[in-house]
Amino acid sequence: MACFTAPLAGAAVAAVVQKTAGKKSSNPFLRKLHWLVKMALGGSFLLAIEHIYHGEITFFPPFLTAMKDPNDTKEMIHEIMTVGVSMAVLLLVVWIGMVVVSEIAERRKAVPNV
């Protein structure tokens, strides 16, 4: 229904942190925060397209079809809090793994073979 909103909110927070921290930081996680933003925005966009295709999102108010009925709204919020947050956490874990692997690769590349 609206599970894509949790990673989208995470992307917004990460984008704000990225703008304030800048790319000049010595922290590798702050330097590569743009990866997380792009991953979250891309995933949210694809999920939104899938929800549009299945008729769960419309182009007229209330936009999310689950908001027409209060019982459906409760189910939608439950889905955001479970599925959406789980997707956002998994995305964060994958991004952390990517940053760690890239830092290891960069350090190996910087050390000359003896």
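Taken together, the values in this text are just the output of simple stated rules run on the coordinates, not laboratory data. Values in this document were obtained by computation on a predicted structure and should not be read as measured data. All Cβ positions, glycine included, derive from the backbone under ideal geometry; neighbour counts span all protein chains shown.
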What is the log10 of I(q)/I(0) for region 3-114, computed with the Debye formula using one identical point scatterer on each Cα and no solvent, at q = 0.12, 0.23 Å⁻¹? -0.54, -1.23
Per-residue ³J(HN,Hα) for region 103-113, Karplus 6.51 cos²θ - 1.76 cosθ + 1.60, θ = phi - 60°, Hz, x for Gly and Pro: 5, 4, 5, 5, 5, 5, 5, 6, 8, x, 5
Sorting F60, M81, M98 by the position of each Cα along the dipole of the chain (Lys, Arg +1; Asp, Glu -1; all at Cβ), the one nearest the positive end of that ordering is M98
Find the relative contact order for the chain and round it to a whole percent, using C-alpha pairs within less than 8 Å whose residues are 6+ positions apart. 38 percent
Kindly flag which residue pairs out of K23/K109; K19/K74; K38/K68; K32/K74 have an alpha-carbon separation exceeding 29 Å in this structure. K19/K74; K38/K68; K32/K74
Nearest 10 degrees, 0 to 90: helix 70-79 Cα axis against the chain principal axis: 20 degrees
Amide H contacts under 5 Å for L64, restricted to residues at least 5 apart in sequence or on another chain and with H modeled in the peptide plane, are T58
Suppose R0 equals 25 Å; then what is the FRET efficiency for K68 and A12 from their Cβ-Cβ distance, rounded to the nearest 0.05? 0.45
Order by neighbour count: F45, F4, F29, F59, fewest other Cβ atoms within 10 Å first, most last. F59, F45, F29, F4
The chain - charge dipole about Cα centre, Lys and Arg +1 at Cβ, Asp and Glu -1, debye rounded to 20: 940 debye
Cβ-based exposure ranking for H51, H34, in which fewest neighbours within 10 Å come first: H34, H51
